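Notes follow once the structure below has been shown.
Quick note: the coordinates plus some simple rules give every number you see, no bench work behind them. If you're wondering where the values come from, they're calculated on a predicted model, not measured in any experiment. Backbone-built Cβ (ideal geometry, glycine too); neighbour counts: all protein chains shown.
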Amino acid sequence: MSQELSQLLSGYNTEMIDNQNFTECSRESPPAGHSCFFNIQLISPKCIETETFGYRYGKPCIFLQFSNISNWEPVPYNTRDLHTAVELPERLRSTYDPHYAYIDCEGDTAFDKENLGFIHYSPYQGFPVNFFPYTDQPDFMPPLVSVHFSSPRIGIAINVGCKLWAKNVNHAEDAVPNGTVRFTLPID
């Protein structure tokens with residue numbers, strides 16, 4: 001697993017990138033024909049190669065990368081939505097920032113939730129909206145979210161679902177795309 005994660009992150013190595021098409025975006029969108037630079041230095045130090053991405057310690061990190069869906073742009077929730085959008089998890093409402101399309105992961109069942117432990121997201125708990133839309137820009141760097149499972153129960157497999165939260169994301173099982181990714185986290 002570490003080798004695959006190292007390979008994924010190597011595409012974000014600043015020495016390998018022609019920086020002419022990149023710009024530091026902060027919270028603004030890039031100029032036409034440019035892409036935002038995704039700084040992997042902001043990822044938690046527990047989720048880097050020298051720490052075997054947490055796998056050696058039974059505290060794994062996974063990386064979620066946003067697919068290059070042409071011309072899709074997240075629509076943030078507004079203040080009124082935060083009070084009326086029943087589908088938006090309560091735990092996201094108090095810290096909600098419209099500059100991100102949030103990611104929220106949890107165990108699929110009560111058993112999974114009980115054994116999953118604390119989850120830490122980095123560099124943010126979502127994808128910065130200024131990376132969107134993807135319009136076939138040269139050298140586009142899809143944003144990443146590192147999800148660190150810092151205290152899962154050892155010796156079991158935990159089923160996890162991670163959802164992308166924006167007003168225009170569909171979570172229905174038959175929707176394509178449906179804004180949800182599911183996986184099993186085996187902890188040895």
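Classify the chain as rounded, prolate or oblate, taking a ≥ b ≥ c as the square roots of the eigenvalues of its Cα gyration tensor: rounded when a/c is under 1.5, otherwise prolate if a/b is larger than b/c and oblate if not. In terms of gyration-tensor shape, oblate. For Lys46, the aspartates and glutamates whose Cα comes closer than 17 Å to its Cα, not counting residues fewer than 8 places off in the same chain, are Glu4. For Lys163, a cut-off of 17 angstrom between C-alpha atoms picks up these aspartates and glutamates, skipping any fewer than 8 places away in its own chain: Glu73, Glu87, Glu90, Asp97, Asp104, Glu106, Asp108, Asp112, Glu173, Asp174. Taking a sphere under 13 Å around the Cβ of Asn115 and counting the other residues whose Cβ falls inside, with K and R at +1 and D and E at -1, yields a net charge of -2. Along the Cα-to-Cβ line of Tyr57, 7 Å from the Cα, sits a label point; which residues in segment 145-166 have backbone N less than 13 Å from it? Inside the label zone: 148-152. Counting only DSSP beta bridges with both residues in the chain, the antiparallel share comes to about 90 percent. Please state the shape class of segment 34-133: rounded when a/c is under 1.5, otherwise prolate if a/b exceeds b/c and oblate if not, all from the C-alpha gyration tensor. Verdict is oblate for segment 34-133.
Full extension of the chain between Gln41 and Ser29 gives 2.3 nm of extra length, using 0.36 nm per residue less the Cα-Cα distance.
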